[in-house]
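Novice: One structure coming up, written as structure tokens, with questions to follow.
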Amino acid sequence: MSKSVEITFTRSAKPSAGLAVLLAAEGAAPGPSAQAVDPAGVLEKALKIADFKGKARSAVDVIAPAQSSADRIVVVGLGKPSEPDPDAWARLGGAIAGRFGKAKRATVYLDAPDVEIDANAAASVAMGMLLRSYRFDRYKTKKKDDNGKTPDTVKVTIVTPAASAAKKLWAEYEGVAGGVMLARDLVNEPANILGPLEFAAKAKELDKLGVEIDTLTEKEMKKLGMGALLGVAQGSTRPARMVVMRWNGGKAKAKPVAFVGKGVVFDTGGNSIKPAGGMEDMKGDMGGAAAVTGLMHALAARKAKANVIGIIGLVENMVDGNAQRPGDIVTSMSGQTIEVLNTDAEGRLVLADALTYCIDKYKPEFVVNLATLTGAIMVALGQYHAGLFSNDDTLSEQLTEAGLATHERVWRMPMGADYDKLIDSKNADMKNIGGRYGGSITAAQFLQRFVGDTPWAHLDVAGTAMGSPANEISQSWASGFGVRLLDRLVRDNYEK
Ligand code: BES
Ligand code: MN
Ligand code: ZN
């Protein structure tokens with residue numbers, strides 16, 4: 001990860017060299033700062049010629065005339081202030097950072113006539129800028145941009161009357177952005193570098209933020225009876241791990257909430273091997289575990305007032321003389337037996353034992369699991385919503401709301417007895433695949449058999465955590481999906 005923006009907040013700033021960013025709402029002129037930034041008054045004509053209407057996140061780029069102390073002026077649209085746009089401020093920040101170009105300094109004037117821009121808005125703009133600027137360039141030894149230049153860190157000054165409150169909030173939001181970027185790094189990292197042990201070591205680093213970490217070895221998992229998870233891991237020379245992360249920011253006696261992530265560091269499919277084309281993407285099959293780890297980073301960094309458990313099951317699904325075969329029957333920690341009819345439906349096997357362990361040991365108020373679980377969820381929802389499956393309407397509504405607020409959207413899918421029957425097995429309590437249709441739903445039904453009465457939600461993030469379409473706040477293959485969503489879920493519902 002290269003951090004390429006440095007952000008400070010100030011109440012006022014004299015126009016200086018570099019890029020000046022001004023805001024304008026739809027149909028309105030730029031804010032009062034325009035007078036100081038553009039003493040020659042060239043903007044009015046420029047905006048007219050460019051047919052700038054102030055649409056949300058649209059922008060006009062002007063080379064500043066000699067009279068201006070800025071080198072370049074960018075005017076960015078706010079849209080109609082009357083039409084609140086979910087997560088608009090972070091996305092605006094992303095759109096602004098998208099215009100930095102070769103600038104080394106940028107001054108962003110957060111004012112526009114009749115638009116309220118408070119501390120939350122200012123800190124959110126900053127978060128959008130930081131997330132937009134993320135690059136996974138660790139393995140680019142020459143670190144050159146398209147023009148052959150080494151990219152500089154952009155020093156950004158955000159000018160707002162709410163500077164001091166924004167600075168305080170930014171201390172929190174920067175922690176959340178750090179969690180998103182940690183998740184992106186973990187997902188982008190190739191599997192030769194990031195195996196189960198390396199991932200576990202990364203998670204262990206969260207102890208610096210005050211997160212308590214326990215790591216279960218294979219021996220310990222065997223003792224606990226985690227036959228489902230260990231069956232997946234047995235084809236890899238790299239041993240499995242389960243990492244438990246605990247953040248105790250709430251009242252001592254308050255029940256924790258829990259998050260569980262699928263961490264398949266690489267998914268070849270095992271003996272039910274995947275086709276070669278695109279298999280490289282399966283380095284991202286730990287996107288659920290990455291989101292849980294990023295979330296724990298975010299919560300600890302902003303000192304969330306909640307007790308939160310994060311559990312990740314880390315395995316590699318390989319082809320090998322010792323790999324699991326189709327038809328094998330394994331016994332899960334819950335005691336339920338599973339006929340493994342397809343070794344490529346491995347994520348649910350890992351999650352089954354992680355969910356049982358989580359619920360048995362911590363009796364959480366609810367558990368949300370995240371997993372890059374099925375290709376079918378992309379067929380159903382494309383890449384702009386994660387699939388939401390749940391046994392609890394309240395939790396579903398809270399997740400849906402948090403999704404709208406962060407633009408990490410989820411869409412609830414059906415579940416029920418008809419679908420559940422499809423995973424009954426002739427030879428064991430259940431099989432790990434359903435029929436031809438509804439593959440994401442039968443996967444969810446499988447998970448539900450391991451959660452009992454605990455309020456539970458499963459997010460299928462196969463379409464949203466990786467291979468993500470670029471947007472205002474992410475230019476990365478790995479989006480970090482889930483961190484901001486679940487941070488918001490905790491913040492809005494469990495910190496009162
Ligand atoms: N990790 C995959 C799902 C996946 C596919 C994630 C594409 C991201 C992009 C999962 O382990 C898997 O292989 N699922 C199978 C299930 C099937 C065998 C029932 C699938 O989706 O094909
Ligand atoms: Mn698979
Ligand atoms: Zn998988």
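Novice: By how many nm would the segment from D152 to D424 lengthen if fully extended, with 0.36 nm per residue of separation less the alpha-carbon distance? Don't jump to the answer; show the numbers that get you there.
Specialist: Values: separation 272, 0.36 × 272 = 97.92 nm, distance 5.76 nm.
Result: 92.2 nm gained on full extension.
Novice: Still on this structure, I have one more. With every protein chain present, what is the per residue accessible area of region 1-144 (1.4 Å probe, Å²)?
Specialist: Details: 7100 Å² over 144 residues.
Using a 1.4 Å probe on heavy atoms only, each residue of region 1-144 averages 49 Å².
Novice: Check M466: other-chain or 5+ apart residues with amide H under 5 Å from its amide H, H built from backbone geometry?
Specialist: Here the answer is S479, since their amide H atoms fall under 5 Å of that of M466.
Novice: For the pairs K167/K303; K305/K363; K140/K204, note any where the Cα-Cα span goes beyond 23 Å.
Specialist: K140/K204
Novice: How much length is gained on full extension from D214 to T237, taking 0.36 nm per residue of separation minus their Cα-Cα distance?
Specialist: On the way: separation 23, 0.36 × 23 = 8.28 nm, distance 2.23 nm.
The D214-T237 span can extend by a further 6.1 nm.
Novice: State the antiparallel share, in %, of DSSP beta bridges confined to the chain, rounding to the nearest 5.
Specialist: On the way: 29 of 73 bridges.
Among the beta bridges of the chain, antiparallel pairing accounts for roughly 40 percent.
Novice: Quick check: the distance between the Cα centres of region 184-250 and region 386-464, to the nearest angstrom?
Specialist: 24
Novice: Moving on to the next point. Work out the charge dipole of region 431-496 with +1 on the Cβ of Lys and Arg and -1 on the Cβ of Asp and Glu about the Cα centre, then indicate which of V451, A462, V483 is farthest towards its positive end.
Specialist: The residue sitting farthest along the positive end of the dipole is V451.
Novice: Which percent, nearest 5, of DSSP beta bridges in region 54-167 are antiparallel?
Specialist: Values: 5 of 10 bridges.
Beta bridges within region 54-167, antiparallel portion: roughly 50 percent.
Novice: Under 14 Å from a point 7 Å along the Cα-to-Cβ line of K102: which residues of region 1-45 have their amide N that close?
Specialist: 18-19
Novice: Just the number please: accessible area per residue for region 425-496, 1.4 Å probe, all protein chains included, in Å².
Specialist: 35
Novice: Okay, moving on. What is region 204-245 by shape, rounded, prolate or oblate, if you read a ≥ b ≥ c off the alpha carbon gyration tensor as root eigenvalues and call it rounded for a/c under 1.5, prolate for a/b larger than b/c, and oblate otherwise? Intermediate values should be presented prior to the final figure.
Specialist: Details: a/c = 3.50, a/b = 2.08, b/c = 1.69.
Prolate is the answer for region 204-245, as a/c is 1.5 or above and a/b outweighs b/c.
Novice: With +1 on each Lys and Arg Cβ and -1 on each Asp and Glu Cβ, how big is the dipole of the chain about its Cα centre, in debye rounded to the nearest 20? Working shown, then result.
Specialist: Numbers: 60 positive and 57 negative charges, 267 e Å.
Charge dipole of the chain: 1280 debye, to the nearest 20.
Novice: Let a ≥ b ≥ c be the square roots of the eigenvalues of the Cα gyration tensor of region 399-485; is it rounded (a/c under 1.5), or, if not, prolate (a/b larger than b/c) or oblate? Provide the component values of the computation, followed by the final result.
Specialist: Working: a/c = 2.92, a/b = 2.00, b/c = 1.46.
Judged from the Cα gyration tensor, region 399-485 comes out prolate (a/c at least 1.5, a/b above b/c).
Novice: For the chain, which span is the longest to avoid every loop-located (per DSSP) member of GluC sites (Glu not before Pro) having at most 12 other Cβ atoms inside 10 Å? Could the numbers behind the result be given before it?
Specialist: Working: sites that count: E116, E495.
Excluding the exposed sites themselves, the longest stretch runs over 117-494.
Novice: Here is a follow-up. Pop out the carbon and sulfur fraction of the accessible area of the chain as a percent, whole number, probe 1.4 Å. Working shown, then result.
Specialist: Numbers: 10710 of 20730 Å².
Carbon-and-sulfur percentage of accessible area, whole number: 52.
Novice: Under 8 Å for C-alpha pairs, at least 6 residues apart: give me the relative contact order for the chain, rounded to a whole percent.
Specialist: Working: 1212 pairs, mean separation 79.3, N = 496.
So the answer I get is 16 percent.
Novice: Rounded, prolate or oblate: which fits the chain, taking a ≥ b ≥ c as square roots of the Cα gyration tensor eigenvalues, rounded meaning a/c under 1.5, else prolate when a/b beats b/c?
Specialist: On the way: a/c = 2.21, a/b = 2.05, b/c = 1.08.
The shape class here is prolate.
Novice: Magnitude of the Cβ-charge dipole of region 415-457, K/R +1 and D/E -1, about the Cα centre, nearest 20 debye? Before the final figure, lay out each step's value.
Specialist: Values: 5 positive and 5 negative charges, 43 e Å.
Using Cβ point charges on Lys, Arg, Asp and Glu, region 415-457 gives about 200 debye.
Novice: Just how far, in whole angstrom, is region 118-144 from region 17-91 if you go by their alpha carbon centroids?
Specialist: Distance between centres, Cα-based: 21 Å.
Novice: Shifting gears a bit: What list of ³J(HN,Hα) values in whole Hz, one per residue of region 60-70 in order, does the Karplus curve 6.51 cos²θ - 1.76 cosθ + 1.60 (θ = phi - 60°) give from phi, with Gly and Pro shown as x?
Specialist: These are the phi-based 3J(HN,Hα) values: 10, 10, 10, 6, 6, x, 3, 5, 8, 7, 6 Hz.
Novice: Could you pull out every residue, at least 5 positions away or on a different chain, whose amide H is within less than 5 Å of the one on L370? Hs are placed 1.01 Å off N in the peptide plane, and Pro or chain starts have none.
Specialist: Those lying under 5 Å, H to H, from L370 are V260, G261, K262, L459.
Novice: Subtracting the Cα-Cα distance from 0.36 nm times the residue separation, let me have the gained length for I49 to N322 in nm, one decimal.
Specialist: Length gained between I49 and N322: 91.4 nm.
Novice: Using the heavy atoms of the protein chains and a 1.4 angstrom probe, tell me the accessible area per residue for region 255-379 in square angstrom. All intermediate terms of the calculation are to be shown ahead of the outcome.
Specialist: Working: 3620 Å² over 125 residues.
Dividing the accessible area of region 255-379 by its residue count gives 29 Å².
Novice: Continuing with this model, one more query. Just want to confirm a number: the relative contact order over region 49-102, from Cα pairs under 8 angstrom separated by 6+ residues, in percent.
Specialist: On the way: 55 pairs, mean separation 18.3, N = 54.
34 percent.
Novice: Sum -39500 (n - 2.57) across every DSSP H segment of at least 4 residues in the chain, then divide by the residue count to get the 222 nm mean residue ellipticity, nearest 500.
Specialist: Values: 15 runs with 163 residues, N = 496.
Per the formula, -10000 deg cm²/dmol.
Novice: Under a Cβ-only charge scheme (Lys and Arg +1, Asp and Glu -1), can you give me the dipole magnitude of region 232-326 about the Cα centre, in debye to the nearest 20?
Specialist: Values: 13 positive and 6 negative charges, 176 e Å.
Value, rounded to 20: 840 debye.
Novice: Separate question: Please give the FRET efficiency for D118 paired with K223, using the beta carbon to beta carbon distance and R0 = 51 Å, rounded to the nearest 0.05.
Specialist: On the way: r = 53 Å, r/R0 = 1.04.
Step by step, r from the Cβ atoms, then E = 0.45.
The values are calculated or read from the model by the stated rules, or taken from the named source; none is laboratory data. These numbers come from a predicted model, not from an experiment. Here Cβ is always computed from backbone atoms with ideal geometry, including for glycine, and neighbour counts include all displayed protein chains. Heads up: the accessible areas ignore ligands, DNA and RNA and are worked out on the full protein's heavy atoms, side chains in. Shrake-Rupley method; radii C 1.70, N 1.55, O 1.52, S 1.80 Å.
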